[in-house]
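*Asks:* Below are the structure tokens for one structure; questions will follow.
The values are calculated or read from the model by the stated rules, or taken from the named source; none is laboratory data. If you're wondering where the values come from, they're calculated on a predicted model, not measured in any experiment. Neighbour counts run over all protein chains shown; Cβ positions are idealised from the backbone, glycine included.
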Amino acid sequence: MDLEILRHSTAHVMAAAVCRLYEKVQLDIGPSTDAGFYYDFDLPHRFTPEDFPLIEREMAKIVAEDVPFERLEMSRAEARAALETAGQRYKLERLADIPEGETITFFRCGGFLDLCRGPHVARTGELKAFKISSVAGSYFRGIETNPMLQRLYGIVAQSQQELDEQVLRLEEALKRDHRKLGRELDLFSVQEDVGPGLIHWHPKGARIRSIIEEYWRKEHFKAGYELLYTPHIGRAGLWETSGHLGFYAENMYAPMVIDDVSYYAKPMNCPFHIQIYKNNKHSYRDLPLRWAELGTVYRYEKTGVLHGLLRVRGFTQDDAHIFCTPEQIVDEVKRTVAFALRIWRSFGFTEITAYLATKPAKAVGEPERWAQATDSLRQALDGEGIPYVVDEGGGAFYGPKIDLKVKDAIGREWQMSTIQFDFNLPERFELAYHGDDGKEHRPYMVHRALLGSLERFFGVLVEHFAGAFPLWLAPEQVRVLPINDKVLPAAEKLVEALREQDFRVAMDSSSDKLGAKIRNAQMEKIPYMLVLGAREAEAGLVSVRSRMAGDLGTMKLEDLVSRLRDEVASKAGGGNTGVAESPATRR
């Protein structure tokens, strides 16, 4: 059975159950989603999780009745009359969205009638297993000035066993929620006094970010990139030339006026990199130019869509632009895809799928350039041997692209990296290079983001590792646990010795008992704990505990250092990525 149809049909059954149980229910929409389904309601009753079993039982009754989904076509006048009689004001607005001449359809199951395109399963009895998972607020049409509706989310499966596995995955996802772990591990926060969607990185989170940035810079230099730093604001004329004020203004913040000139906070880095390119004349011998920047940008996002680190208003993009000749483009794209895969695998992500988006109906640029660009993307994917899906017509109007999606430890897919051709900006800014024929030519330009943004990447990373970062990323790699105050001097020397070896070390010098110190370190997901008593101090040894493996026995300091160095170099570990602990992932 088609999963999308199954989900959409279950959303209708849920809406029918809500209408049976509660009074004055106003309906909006109930689509399927990648994870399940939802339906938006407006009613006096405020849903809580305690209501979910009641609604599920009513849904089960509708399923047991095994009533058909009947498709009904109506004229616009008939549809309006039906909705007015039912008092469904949101549905009346949705009706107005349907273009003149398009068929208007309703679906009926039992006594429930809903404006809907369909399709649905034949009968409600085909629905086997479902569960309401959560409730959230949602503005009508997503506009903040519109009424706030109640959105009930649910999941559905073709068997109870599949549903149970989905529920376990949801429970695991809740445990891994980066907002929850961010608070518990003191990694980041959003301060209301400053504003929503603006991230404050706390010392531990900032430490991890600095490690990621250091690794990012090192790998980019090795890959032949040069790094740029560009301003946070630019004159209005720049954004007019780039087209942002014409096509992207609703996502930009209001201008600030400086010396009677309007400036905008940058939503993207590309125009600044282009200005640096234009600062000098270029020959074909200078190309390719690979320029990267960890550039902080600002985009207006509606309050209702902000979500922890995953959807913010200010973020740092790991941005890069490649300027090259047509002859270089295939090799450059191959290099870029290989680079992206290497970076993702180094962070512990091994399941990666690509999506190749091709030329849309409306596009700029010469047809031969589109053909060459698309072919170069295809060749790069074929060369790396990674699976990819062709999204026909899914490219931007200014060029085809590759999107890379990664699966995390519990099987969720995240869209992260993008490799995007651009035939538009080189034309708008009149970019040129001198060819070997002595004439001016237009360079190819490729936008490239590997991690996407540091904020979103960090949120995904937290959830992938469930906060238990591998040794090379852990903000605190080792914690020294002295048994009593008598060994504090020896513990301090141990801390100092490990810091000299460039390890991130702290000491728990509290008066807590050893068991409590170990529990605290485990709760804070410290990779290694070193227990130090009088016997170990006298013998020049440490008793080593691993976050995952438990007691490793006593070691000499040099042996411990060697072990830690090998683990950091391999980028192995990470403790609990969830594969072993989540029943939903076992087979």
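*Asks:* Please list, ordered by first then second residue, the pairs with beta carbon atoms under 8 Å, 6 or more apart or interchain, first in the range 360-387 and aromatic (Phe, Trp, Tyr), second not in a helix (DSSP H, G or I).
*Replies:* TRP370/LYS359; TRP370/ALA363; TRP370/GLY399; TRP370/PRO400; TRP370/PHE423
*Asks:* If only one of ALA11, ALA64 is part of a helix (DSSP H, G or I), under 19 Å from LEU170 (Cβ atoms), at pLDDT 95 or above and of a type in the set (A, V, I, L, M), which one is it?
*Replies:* Answer to the selection: ALA11.
*Asks:* Tell me, which strands (runs of 3 or more DSSP E) wholly within the range 463-537 include 1 or more residues that are among the aliphatic types (A, V, I, L, M), more than 30 Å from LYS175 (Cβ to Cβ) and free of Cβ contacts under 8 Å to residues at least 60 places away in the same chain?
*Replies:* Values: elements: 478-482, 505-507, 528-532.
Strands (runs of 3 or more DSSP E) meeting the threshold: 528-532.
*Asks:* Still on this model: Would the range 297-311 turn up any residue that is buried (at least 18 other Cβ atoms within 10 Å of the Cβ), touching a residue at least 40 places away in the same chain (Cβ under 8 Å), of a type in the set (Val, Ile, Thr) and at negative phi?
*Replies:* no
*Asks:* Next up: Are any residues in the range 201-218 over 23 Å from ALA468 (Cβ atoms) and either modelled with pLDDT under 95 or in contact with a strand residue (DSSP E or B) (Cβ under 9 Å, 6 or more places away or on another chain) (or both), and if so, which ones?
*Replies:* Passing the criteria: only ARG217.
*Asks:* In this structure, is ILE410 in the same structural domain as GLU219 (by TED's automatic domain parsing), crowded, with 19+ Cβ neighbours inside 10 Å, assigned to a loop (DSSP other than H, G, I, E, B) and touching a Ser or Thr at 6+ places or on another chain (Cβ under 8 Å)?
*Replies:* Here the answer is yes, as ILE410 does meet what is asked.
The rows are residues; the columns are (1) of a type in the set (Gly, Ala, Ser); (2) surrounded by 18 or more Cβ atoms within 10 Å (Cβ to Cβ).
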{"position": "GLU144", "(1), (2)": "no, no"}
{"position": "VAL156", "(1), (2)": "no, yes"}
{"position": "LEU163", "(1), (2)": "no, no"}
{"position": "GLN166", "(1), (2)": "no, yes"}
{"position": "ARG169", "(1), (2)": "no, yes"}
{"position": "GLN191", "(1), (2)": "no, no"}
{"position": "LEU198", "(1), (2)": "no, no"}
{"position": "ALA206", "(1), (2)": "yes, no"}
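*Asks:* Among the residues of the range 67-102, which ones are in a loop (DSSP other than H, G, I, E, B) and either charged (D, E, K, R) or within 37 Å of the chain's Cα centre (by Cα) (or both)?
*Replies:* Within the range 67-102, GLN88, ILE98, PRO99, GLU100, GLU102 qualify.
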